[in-house]
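Every number here is computed from the coordinates shown, using simple stated rules; none is lab data. Since we're looking at a predicted model, the values are computed, not measured.
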Amino acid sequence: MPEQTRDASAPSSPLEHFNTAPADDVEPLLLTCLRSLRWAHRLTAHRPYPTLDALLAASDEAAYDLTAADLAEALAGETLPALPADAYAAARTALSAAHAAYEARFGHRFAICLDGVPARELPDHLLAAIRSRLTNDPEDERGITAEELRRLARGRLAEALRAAGL
């Protein structure tokens, strides 16, 4: 059996590929995690990252530094989490009404990280979260929303690299 050789110049891991790929290749991936150009540019500009944990820490830091305009940009790209296919029509209607009330009150889409919530609990958890957050002061809600976007970006980024084999 012939011995296989590895191209020494080829990235050996998804993180190495992330670190060495041209910015034009990395930024579209980052924008699927959080639709903020500033966040994506910052993560791209600070490469290389020695570990996934270092990249996720940089993601968190970049998300903490987003301006109100950056957050608005990111929120414009968000959608509500998909409900399970077997969710009742009443749950979908209630969720749609609650989301419309949220957008009318705060002027932006609702963002929430539901990592770890079982699929069967998504409709109830999502509806309860929207209803609860509707009572927030707009300034408090802005902070909660920023934190939810940070958590979403972190989870999506980790998942994107894990899906690539990291």
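Structure notes:
- Principal semi-axes in Å for the chain [√(5λ), Cα gyration tensor, largest first]: 35, 20, 11
- Note on Ser13 and Ala104: the extension gain reaches 28.3 nm, defined as 0.36 nm multiplied by sequence separation minus the Cα-Cα distance.
- Summed over all non-identical Cα pairs, the Kirkwood treatment of the range 39-124 gives a radius of 15.5 Å.
- Three-way shape call for the range 110-156 based on the alpha-carbon gyration tensor, with the a/c threshold at 1.5: oblate
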